[in-house]
1. Filter LYS164/LYS275; LYS209/LYS275; LYS117/LYS209 down to the pairs with a C-alpha to C-alpha distance above 24 Å, please.
2. Work out, step by step, the length gained on full extension between ARG226 and GLU132: first 0.36 nm times the residue separation, then minus their alpha carbon distance; give nm to one decimal.
3. What does the net charge come to around GLU132 if you take all other residues with beta carbon closer than 12 Å to its beta carbon, with K and R at +1 and D and E at -1?
4. Compare the Cα positions of SER202, PRO185, ALA228 along the charge dipole of the range 158-231 (+1 at Cβ of Lys, Arg; -1 at Cβ of Asp, Glu; about the Cα centre) and return the one farthest towards the positive end.
Amino acid sequence: MDDIRNTIKKYISIIGGYTAILSLAVLLILLILAIIGRLLPERFNAFALFIFADDVFQVENFILVFVTIFLAGTISIIGSSEKLITEFRDKIKIIEQTLGKVVPLDNIAQVYPEIQKSVIEYNNLYGNSFHEEKLITVVALSGRTNAENFIPWHKDQSLLDGWKIVIYVPDDLAMKPSYIPSIWPQTRRDAIRQLKEEIDPSKTVIEIKETDHVPFIHGFKLGKSRPAYWVSFLRWRDVSQEFRSDAMDPYEIAMPNSKSIPSEIRRQMFEVWLKKISM
């Protein structure tokens, strides 16, 4: 049944196309003749051929008829092209899903300004009071950059008023593997202490959750119902069992409005890892 319907639409489209082209050609010819007929004396008027009895068959009638036919043919083409438009949109959708944007950022220093922009947008939307959407979830390694950025945002700029920040950090046991630099456990303890001491809990809620996992998947989740993600992965050197100096670079952004497959994969990976370290 669909094949028959498509075949009918195909022939309607062809007929409509030829009709529209023919009507347009005739219309142009009539317009040219009409201009010539207005300029020449009546005895040379090409439209004398259309004189019947005492009435002159006005060229305007021809124009009206052929305009009607032309419009009908054009509408026929548009109507029969619906299937082609739908197929084109479906192909575009597949391309967007397959090659969708997962925006990379070179390092952690570029991540915080992006998060800050989102925080400001949320504040403009929900105000300075507490709201369930004003939630930042962090899977951190030491928490050092969290303290370096969140504390000034809170104290100097009041950007985090009404926000809840949940930070997952590995505990001392998870920090024991040899591939973790010896300074990181102390860095983690210092960062946690600073966050708890420097941030006023009546304005910003800080919740520290220690886990027994090294955060192989690391990053940020901002928002609740339609969150944005900044995701990175720990990497080792090729030979030794040590982290690379750029172990957590680059970060990749999966924004709420991105429905691409790569973005969805980043979201799922972060959520699965978050669930694992929360157990």
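Rule-based calculations on the coordinates, nothing more; no lab input. In this text, all values refer to a predicted model and were calculated from it rather than measured experimentally. Cβ: placed from backbone, ideal geometry, glycine included. Neighbour counts: every protein chain shown.
1. Correct reply: LYS117/LYS209.
2. In short, 32.7 nm is gained.
3. Cβ neighbours under 12 Å give a net charge of +2.
4. In the range 158-231, that residue is ALA228.
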